[in-house]
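Taking it in order: structure first as structure tokens, then the write-up.
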Amino acid sequence: MRGGRGGARARRASRAARADKYELYQEAVQDPEGDVRRLVRMYESRFHRRPKLLREDFCGTAAISCTWVRAHGEHRAVGVDLDPEPLAWCRRHNQAKLRPEQAARLRLVRGDVRDVRGPRADVLIAFNFSYFVFKQRAELLHYFRRARAHLADPGIFVCDLYGGPESQEEKVETRKHDGFKYLWDQNRFDPITHHAENLIHFEFSDGSRLRRVFHYDWRLWMLPELRDLLDEAGFDAADVYWEGTDLQRNEPNGVFSLRESAPDDPAWIAYVVAVKRAPRRRVARVRAFPAPRSSRACAPSRSS
Ligand SMILES: C[S@@+](CC[C@H](N)C(=O)[O-])C[C@H]1O[C@@H](n2cnc3c(N)ncnc32)[C@H](O)[C@@H]1O
């Protein structure tokens, strides 16, 4: 009733109380259009044809899968996640925005990424560092072996990771977005085990806050460890895409390119592309491609 107690309560509701945590997460952390563009190029530059089937492990709200099926009429996607809540959110929001024929090319599966079978994918991804949940070497190796088994031949498994000395500091990074602030909280880091406890909080212009909305209990894996494990899991190559630097501003420039070595860096994000059946001729020229730095996930910011 207008002007009644319910209306007054609704008017008083803080921005935090009205916020949708998955909407905020997608806005602050993800860049699905950029991801899809990068994945298609990573595949095409190696195999000279368009990938069709994407499997998005740890898909959460499956934003990348939805963008994938929208990007091309032959694209199909399978999103896998343990948690029914983000999958249901995807159905109500991301998948609901697709045209029926696009939505029909998306399948969401609730289950453990190590157990869920299905058609072999051209591209399999584990993004936003989600595979860091596997803290034991044997566990991660098992996952990488399963990932390889779930790939077509040829196919690529792509994961991202972050690192640098600042990634091992207990600190909070704040980033402003339209109407809210995103806080990446490296709450705890153990240098012996590399156990990292990270949190995401949001703050709003009316002073209200959402604390500990997302909680991550991870092992911060190192890049050489990952490459060794991918090799052991049977992949033919584990290529690294490293972000370039804007020399004038001494800041990351959002352009990732294939690199064999890189300069020292206090905080970085990279992609590892693990190849099943490497082409005979190694990729000689891989086009660099931009990624808006601001939309990358939970990585610590670099000193400028
Ligand atoms: C950091 S979120 C990643 C969301 C999304 N991939 C992204 O790029 O932002 C991690 C997701 O992994 C899921 N998850 C954790 N362990 C899993 C497992 N063993 N199998 C499937 N999903 C898992 C969680 O439910 C959560 O939705």
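The values are calculated or read from the model by the stated rules, or taken from the named source; none is laboratory data. Just so it is clear, the model here is predicted, and its values are computed rather than measured. Here the Cβ positions follow ideal geometry from the backbone for every residue, glycine too, while neighbour counts run over all protein chains shown.
In the range 250-280, which residues are farther than 23 Å from residue 43 by Cα, in a loop (DSSP other than H, G, I, E, B) and of a type outside the set (A, V, I, L, M, F, W, C)? Across the range 250-280, the qualifying residues are 250, 263, 264, 265, 266. Looking only at residues that are among the aliphatic types (A, V, I, L, M) and assigned to a loop (DSSP other than H, G, I, E, B) in the range 226-249, which one is modelled with the lowest pLDDT? Checked the range 226-249; the qualifying residue modelled with the lowest pLDDT is 247.
The residue that is farthest from the ligand (Cβ to nearest atom), among those in the range 23-79 that are in contact with a His (Cβ under 7 Å, 6 or more places away or on another chain) and part of a helix (DSSP H, G or I), is 69. Scanning the range 117-150 for residues that are under 16 Å from residue 58 (Cα atoms) and assigned to a strand (DSSP E or B) yields 121, 123, 124, 125, 126. Every test in (1) away from the ligand (no atom under 15 Å from the Cβ); (2) in contact (Cβ under 8 Å) with a residue 60 or more places away in the chain; (3) not in a strand (DSSP E or B) is passed by residue 193 save one, and that test is (2).
Residue 217 - would you say it is modelled with pLDDT under 95 and closer than 26 Å to residue 23 by Cα? When the stated conditions are applied, residue 217 does not pass them. Please work out which residue is modelled with the highest pLDDT, limiting yourself to the range 250-264 and to residues that are more than 17 Å from the chain's Cα centre (by Cα) and crowded, with 18+ Cβ neighbours inside 10 Å. Of everything passing the filter in the range 250-264, 258 is modelled with the highest pLDDT.
The number of residues in the range 196-214 being modelled with pLDDT under 95 and within 15 Å of the ligand (Cβ to nearest atom) comes to 0. For the range 196-225, a residue qualifies if it is touching a helix residue (DSSP H, G or I) at 6+ places or on another chain (Cβ under 7 Å), assigned to a loop (DSSP other than H, G, I, E, B) and within 20 Å of residue 147 (Cβ to Cβ), and the qualifying residues are 220, 221. Of all the residues in the range 80-102, those that are within 13 Å of the ligand (Cβ to nearest atom) and not aliphatic (A, V, I, L, M) number 8. Residues in the range 42-59 that are out of contact with any Phe, Trp or Tyr (no Cβ under 6 Å at 6 or more places or on another chain) and touching a residue at least 60 places away in the same chain (Cβ under 8 Å): 42, 43, 45, 46, 47, 52, 53, 55, 56, 57, 58. Of everything in the range 139-195, what is within 30 Å of residue 206 (Cβ to Cβ), among the acidic types (Asp, Glu) and under 20 Å from the mean Cα position of the chain (by Cα)? Give them in sequence order. Of everything in the range 139-195, those that are within 30 Å of residue 206 (Cβ to Cβ), among the acidic types (Asp, Glu) and under 20 Å from the mean Cα position of the chain (by Cα) turn out to be 173, 185. Of the numbered criteria (1) crowded, with 16+ Cβ neighbours inside 10 Å; (2) closer than 24 Å to residue 216 by Cβ, the one residue 84 fails is (1). Among the candidates 137, 105, 120, 145, the residue that is touching a strand residue (DSSP E or B) at 6+ places or on another chain (Cβ under 6 Å), touching a residue at least 40 places away in the same chain (Cβ under 8 Å) and away from the ligand (no atom under 12 Å from the Cβ) is uniquely 120. Determine whether residue 85 is among the acidic types (Asp, Glu) and not in a helix (DSSP H, G or I). Spelling it out, it is not the case that residue 85 is among the acidic types (Asp, Glu) and not in a helix (DSSP H, G or I).
Just one of (1) of a type outside the set (A, V, I, L, M, F, W, C); (2) in contact (Cβ under 8 Å) with a residue 60 or more places away in the chain; (3) touching a Leu at 6+ places or on another chain (Cβ under 7 Å); (4) under 30 Å from residue 16 (Cα atoms) fails for residue 232. It is (4). Taking the range 123-134 as the range and being near the ligand (Cβ under 10 Å from one of its atoms) and either without any contact (Cβ under 8 Å) to a residue 24 or more places away in the chain or farther than 19 Å from residue 214 by Cα (or both) as the test, only 125 passes. The set of residues in the range 203-233 being surrounded by fewer than 16 Cβ atoms within 10 Å (Cβ to Cβ) and of a type outside the set (Lys, Arg) consists of 205, 206, 207, 215, 217, 222, 224, 225, 228, 231, 232.
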